[in-house]
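One structure below.
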4 protein chains.
Amino acid sequence: MTPLPPPPRIGSLAPGPRDAITDVAGVAVGHCTLEEGDLQTGVTVVRPHAGDPFRDRVPAAAVVLNGFGKSIGLVQVAELGVLETPIALTNTFSVPAVAQAQIRQCVAANPGTGRGLQTVNPLVFECNDGYLNDMQRMAVTEQHYLEAFAGAGADVAQGAVGAGRGMTCFGLKGGIGTASRRAGDHMLGALVLANFGKPGQFVLGGRAVGHEIAARLAARQRREAGEAEKGSIILLLATDAPLDARQLRRLALRAGAGLARTGSVFGHSSGDIALAFSTAYTVPLDADRPMPAVAMLHEARIDPLFQAAADTTEQAIVHALWHARTVTGRNGHGRISLTDLASDWPAFPEPEASP
Amino acid sequence: MTPLPPPPRIGSLAPGPRDAITDVAGVAVGHCTLEEGDLQTGVTVVRPHAGDPFRDRVPAAAVVLNGFGKSIGLVQVAELGVLETPIALTNTFSVPAVAQAQIRQCVAANPGTGRGLQTVNPLVFECNDGYLNDMQRMAVTEQHYLEAFAGAGADVAQGAVGAGRGMTCFGLKGGIGTASRRAGDHMLGALVLANFGKPGQFVLGGRAVGHEIAARLAARQRREAGEAEKGSIILLLATDAPLDARQLRRLALRAGAGLARTGSVFGHSSGDIALAFSTAYTVPLDADRPMPAVAMLHEARIDPLFQAAADTTEQAIVHALWHARTVTGRNGHGRISLTDLASDWPAFPEPEASP
Amino acid sequence: MTPLPPPPRIGSLAPGPRDAITDVAGVAVGHCTLEEGDLQTGVTVVRPHAGDPFRDRVPAAAVVLNGFGKSIGLVQVAELGVLETPIALTNTFSVPAVAQAQIRQCVAANPGTGRGLQTVNPLVFECNDGYLNDMQRMAVTEQHYLEAFAGAGADVAQGAVGAGRGMTCFGLKGGIGTASRRAGDHMLGALVLANFGKPGQFVLGGRAVGHEIAARLAARQRREAGEAEKGSIILLLATDAPLDARQLRRLALRAGAGLARTGSVFGHSSGDIALAFSTAYTVPLDADRPMPAVAMLHEARIDPLFQAAADTTEQAIVHALWHARTVTGRNGHGRISLTDLASDWPAFPEPEASP
Amino acid sequence: MTPLPPPPRIGSLAPGPRDAITDVAGVAVGHCTLEEGDLQTGVTVVRPHAGDPFRDRVPAAAVVLNGFGKSIGLVQVAELGVLETPIALTNTFSVPAVAQAQIRQCVAANPGTGRGLQTVNPLVFECNDGYLNDMQRMAVTEQHYLEAFAGAGADVAQGAVGAGRGMTCFGLKGGIGTASRRAGDHMLGALVLANFGKPGQFVLGGRAVGHEIAARLAARQRREAGEAEKGSIILLLATDAPLDARQLRRLALRAGAGLARTGSVFGHSSGDIALAFSTAYTVPLDADRPMPAVAMLHEARIDPLFQAAADTTEQAIVHALWHARTVTGRNGHGRISLTDLASDWPAFPEPEASP
């Protein structure tokens, strides 16, 4: 296999040292991957900080670009503007198992939860990996969530790992991708679970490669004619900029701009959900602890973050495709990687400097 | 025990024959109740029709009055405007187990679900019954959901049954209540899972009885001083009027008017969610089947349904309190019933006819 | 005319010294009233502080309880979470004239507006006073807005004044009402433009007086049989508690609980909109000025404000009805005041102390 | 002046005969343009059908992509799911004048409006043309609206006409653009008022031309360094597909995907609002007339419309830039057209056929 040239660099903002969501200080990512015959799935966990988010809540907001999805936890995020668990990603039918794991984890750390103390709000997102993975076996367990959590760190494996193991993107092997950009004084990172798009739609770094991808896939008979998209994408944004929930909602929406640039039209059957959180401050569970007195970013200075939200999202999708390896799973179904399908492609040009 | 006089009749619209949500033809309700020491909880299932809602979807919409809640399924209901499972109610920590039960039930009936066929959207609401029930034991299982489903019928047990087993309302024993009203040519029914309110707030059929209830509870030392409300209420409305999702959302909001009349201010810690559905038509899963050609209700004729939504909601809350019996549960905690606390009250006056 | 006894006191929280929205320090209210034959209308202005809100923006959020209304300005309030003009109230057809007046006022004070500087977002709410007032004459002018603004102060005239001049509430003369409550360390005030409700729905201080009101109106032939409600209510809340836009949105929703207690079911033809703002801090237009570093109220301490939001709203509606005087207007149409219709009513009981 | 080559064709769907929103049968567009020294502005009117939309309402829904905007009318559209006036576009400070014109037009046609009959909901969108046009003179009058309305027809002038006269897009002359696509059995058209974007962001038909545009503009000193975007875009979609308001809201969101492809990240200061309507049926004002019994499009068949929504939006933006001519206005400010700036560009390739 000839390696692909480096992926195209999106936009003119500079990436952080890892070009990953973990360039936002304190954010950690972990995976647990199941890869065994008909089971090609897993769990990915994003920890917003090293502490317990149940006690030190993290400001957050979400936007539903397309709500054909089965996440749990968004009602309370919308009301209270905070996360109180790590963010978990998995396959559609494993949301309950992972939500239960989050409840148990919170109870273990905070024994009064649901007795004297308030209950905890699990936050689990999903995409449908049923083409490569036998979701009906509901193979993901509490233990898998705990492994993903335990392994969370600053180095982020990408591609067909964790929740991304069984995902498909533009008819190719999809999965987990991440990226970061510096926006003025602040860092912004994205992590995506990419499982969306029809081959013909694919725009890669500004190039409309969809026709060629579709033709190459057809030549390999890798994609059934007329197969409807049943995909989804989860778009997570982290930033160290001091933003409140209203501003984070605005930020999350801009992930949609990055997604659209890759060719997506937020297709009907796709659960496209974006969530943004800030690490600039936390909100205490305990009302007797002082509330943070934070000067939020002036709205007139928010545009660089909007640009970074779109750029990191697009870059993270490119990374997911770049790093994914070909996977064969349920019933012998396979998804070929971009690497394998397009190893003969020329290099992308260097990005130009910002005007 | 002297029985209470009949509950006050709310409003001037006429109830249906059962004064229950099952007066809307086709709607069925079932309970599974766990009552054993520290476990005082359960599952309640509302079936919108006798068929499989995965194949024949039911138009629906929800309003989050207060989003301090952990339901699953609302993202997709908002996007697609339909239910595709029965509606399930349970305790907060049992949402995952019941959601998983719904997935398995759908897979059993539709083996392609999540393989070739699209995935199913579980729809589970919850309230926190942790005062009477040890939620941490997560005692509710798939089997309990199936029992509630199997027992669903037109007769609706009320009070401390099903998901209502461990619930508290205004410091009294709360739980399941239901009611119905005829609104012009249409029937509208409500079913509530009532677990909200501080004793002093309680307004019963227009009477501000809160002070007296609080005083009587204090005399029995039944309520700890300063205990914060950690309640919630789930408000379900069914109607046979032909309404689309936008209209059903308007209807659902009016459940909040009925709730407010009982004294609630949609307290901070309360997950107050209303969902309305129509039985007038269904939407086929299969795109090759014809879509229903339905003349929706003209908006200028919707006010009687709004009135009925508020009235049945208030009535259902009254019924929940009227039918609940005193329960003792976790750690010997108890909630006294309105019947036991106020058996000496005089009868409420007959409702006046509509002006 | 025998004066009515004092109005019922709503709830157990203590009112501020004026029992008016102006008990929130800095808030001022002014009216301009047109009362001349077929013209029975006006403008009411609520100033959130004594400065220019274009330069020092005021955190705010709105909730649309029923969107059958023609306000201008809410899109930007929702996005940016601030007010940048005074809040204006008027009749439905005069929204454009008042919006234009706000633009001109802002341009006069900030000459660069719409040239180098950004444009201003007018914020005008309305109710339909077409029964008493000939809206088609569009009699309200820029000058009327400026008069209402110029006259703004801490003393708030109530009843058939300003924008309330031509309004109808439960078939009686409605209009402007205001109230305030102390909630813990904070003050909260409400101002309503009450123009909603059918006579039979009216619940006054917990008493279902609707049947009697309807009967008395029928006896005077003051209300046409079967006349549909074409009303609306605008609900404004002010507080000195430090809340962000998300929290203010939660607060605004609780105005709906107060409204529901008076018998409203948020009828179809009614534009029922609640807006809440905080005077605890401002947000500078100029990005070079420092952003406020404010510790927001801990969410666990917000319930007293929710209670006060519902209680002041209900109280303000009662005040609007109590202070309104009988008005005759367009085509000889009249609306009788509660004072005139029910002067023989006994006094309401003193409120009980909080439990 | 050398003419530009034909504009790039976006996507693989076939345009309608006019490649304009008026390919949706019944839709008509008219302009009134003011071009005189410091006044470079106007009004554009989109009529959804040839009748009176007050009596025959048009199903519609809007999405606010970025709410830094001053439109009027969206609250009621969201609640009731219908338009009841033509859609009007103008500059920011002229919204009140045009709203008033719409009220007067409705009253003239329906004399009972605001007397016995309900009031009318004006629907006016705006962008800020203050760089080329002296908005403070508020030069747009009722007469200009009526002229635009009277001139409405199937031929749509594009570029610096009507409301587009003073608009700027990517630092170039922007304005009105339109396009259409056939999506299965249905036609979908878009009309945009394009006034957004920084030069460096511009992606034209998939080519990242922003750097070059920025460099050429800098060479002509046509754009001040560091000037913040103060733009906006209004995105209108029409279709003859039978969709309800919920579905139309989904459709409107996809206009954002087309917008993002041109390089926009929905910048902070931009009022980016999309509205979609269907011409497949109307809803009668009069409740005694029968409601339409329409079989809506099955959701599983909606993806071609989503694709068309994104493609026509992008195409309409391209058309706005292609057709706009260089304009000089207020204080001698000018915006050069793409034609003038890039007349030496080579032709775009023919679009490939759909895979």
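The values are calculated or read from the model by the stated rules, or taken from the named source; none is laboratory data. It should be emphasised that the depicted structure is a prediction, and the values quoted were computed from it without experimental measurement. Cβ coordinates were reconstructed from backbone atoms using ideal geometry, including for glycine residues, and neighbour counts include every protein chain displayed. Accessible surface areas use protein heavy atoms only, side chains included; no ligands, DNA or RNA. Shrake-Rupley method; radii C 1.70, N 1.55, O 1.52, S 1.80 Å.
Of the set (1) within 14 Å of chain B (Cβ to nearest Cβ); (2) buried (at least 20 other Cβ atoms within 10 Å of the Cβ); (3) in contact with a strand residue (DSSP E or B) (Cβ under 6 Å, 6 or more places away or on another chain), all apply to C:Gly164 but (1).
Is it the case, given these coordinates, that B:Ala99 is of a type in the set (A, V, I, L, M), under 29 Å from B:Arg250 (Cα atoms) and open to solvent by less than 10 Å² (accessible area, probe 1.4 Å)? Walk me through it before giving the result.
Details: of a type in the set (A, V, I, L, M): yes; under 29 Å from B:Arg250 (Cα atoms): yes; open to solvent by less than 10 Å² (accessible area, probe 1.4 Å): yes.
When the stated conditions are applied, B:Ala99 passes them.
Return the residues of the stretch C:144-195 that are under 19 Å from C:Ala342 (Cβ atoms) and touching a Cys at 6+ places or on another chain (Cβ under 8 Å); say none if nothing qualifies. It would help to see each step written out before you state the result.
Applying the first criterion (under 19 Å from C:Ala342 (Cβ atoms)) to the stretch C:144-195 yields C:158-160, C:167-175, C:177, C:194.
Once the filter is applied, which keeps residues that are under 19 Å from C:Ala342 (Cβ atoms) and touching a Cys at 6+ places or on another chain (Cβ under 8 Å), the stretch C:144-195 yields C:Met167, C:Gly175, C:Ala194.
Residues of the stretch A:130-164 that are acidic (Asp, Glu) and closer than 27 Å to A:Ala179 by Cβ: A:Glu147, A:Asp155.
Quick one: in the stretch C:297-319, of everything that is under 29 Å from C:Leu193 (Cβ atoms) and part of a loop (DSSP other than H, G, I, E, B), which residue is least open to solvent (accessible area, probe 1.4 Å)? It comes out as C:Ile302.
Each row is one residue, and each column tells you yes or no for (1) open to solvent by 30 Å² or more (accessible area, probe 1.4 Å); (2) under 20 Å from B:Leu123 (Cα atoms); (3) within 12 Å of the chain's Cα centre (by Cα).
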| position | (1), (2), (3) |
| --- | --- |
| B:Glu142 | yes, yes, no |
| B:Tyr145 | no, yes, no |
| B:Gly159 | no, no, yes |
| B:Gly189 | no, yes, yes |
| B:Asn195 | no, yes, yes |
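If only residues of the stretch D:194-215 that are under 20 Å from D:Asp344 (Cβ atoms) and of a type in the set (D, E, K, R) are counted, the one that is farthest from the other protein chains (Cβ to nearest Cβ) is D:Glu212. For the criterion of being under 21 Å from C:Lys198 (Cβ atoms), open to solvent by less than 20 Å² (accessible area, probe 1.4 Å) and without any contact (Cβ under 8 Å) to a residue 60 or more places away in the chain, B:Ala260 passes.
For the stretch C:225-239, which residues satisfy the criterion of being at pLDDT below 95 and within 20 Å of the chain's Cα centre (by Cα)? Outline the logic, then answer.
Kept after step one, since they are at pLDDT below 95, are these residues of the stretch C:225-239: C:225-232.
Within the stretch C:225-239, C:Glu229, C:Lys230, C:Gly231, C:Ser232 qualify.
Of all residues in the stretch C:189-221, those being closer than 28 Å to B:Val209 by Cα and among the polar types (S, T, N, Q) number 1.
Any residue in the stretch A:108-115 that is under 12 Å from A:Leu34 (Cα atoms) and at pLDDT 95 or above? No, the stretch A:108-115 contains no residue that is under 12 Å from A:Leu34 (Cα atoms) and at pLDDT 95 or above.
With the requirement that a residue be within 17 Å of D:Val46 (Cβ to Cβ) and assigned to a loop (DSSP other than H, G, I, E, B), what does the stretch D:121-145 give you?
Answer for the stretch D:121-145, where residues must be within 17 Å of D:Val46 (Cβ to Cβ) and assigned to a loop (DSSP other than H, G, I, E, B): D:Asn121, D:Pro122, D:Leu123, D:Val140.
Filtered by the rule that a residue be in contact with a strand residue (DSSP E or B) (Cβ under 7 Å, 6 or more places away or on another chain) and facing chain D (nearest Cβ under 10 Å), the stretch C:82-93 gives C:Asn91, C:Thr92. Counting the residues of the stretch D:340-355 that are at pLDDT below 90 and away from chain A (no Cβ under 14 Å) gives 6. Taken together, the residues in the stretch A:248-296 that are over 29 Å from D:Gln307 (Cα atoms), more than 16 Å from the chain's Cα centre (by Cα) and either outside any loop (DSSP other than H, G, I, E, B) or more than 7 Å from every other protein chain (Cβ to nearest Cβ) (or both) amount to 13. Those strands (runs of 3 or more DSSP E) of the stretch B:1-80 in which 3 or more residues are of a type in the set (S, T, N, Q) and buried (at least 22 other Cβ atoms within 10 Å of the Cβ) occupy B:39-47. Taking the criterion of being at the interface with another protein chain (Cβ under 8 Å from one of its Cβ atoms) and in contact (Cβ under 8 Å) with a residue 40 or more places away in the chain, the residues of the stretch C:97-117 that qualify are C:Ala97, C:Gln100, C:Thr113.
Can you find a residue that is under 23 Å from the mean Cα position of the chain (by Cα) and part of a loop (DSSP other than H, G, I, E, B) anywhere in the stretch A:217-224? Taking every residue of the stretch A:217-224 in turn, none turns out to be under 23 Å from the mean Cα position of the chain (by Cα) and part of a loop (DSSP other than H, G, I, E, B). Answer yes or no as to whether A:Ala148 is modelled with pLDDT of 95 or more, within 16 Å of A:Ile87 (Cβ to Cβ) and outside any loop (DSSP other than H, G, I, E, B). Yes, satisfied. Taken over the stretch C:268-296, residues that are surrounded by fewer than 24 Cβ atoms within 10 Å (Cβ to Cβ), touching a residue at least 40 places away in the same chain (Cβ under 8 Å) and not charged (D, E, K, R) amount to 12. Filtering the stretch C:320-348 to residues that are closer than 26 Å to D:Arg115 by Cα and either in contact with a Pro (Cβ under 6 Å, 6 or more places away or on another chain) or open to solvent by less than 30 Å² (accessible area, probe 1.4 Å) (or both) leaves C:Ala320, C:Leu321, C:Ala324, C:Val327, C:Gly329, C:Arg330, C:Gly334, C:Arg335, C:Ile336, C:Ser337, C:Leu338, C:Leu341.
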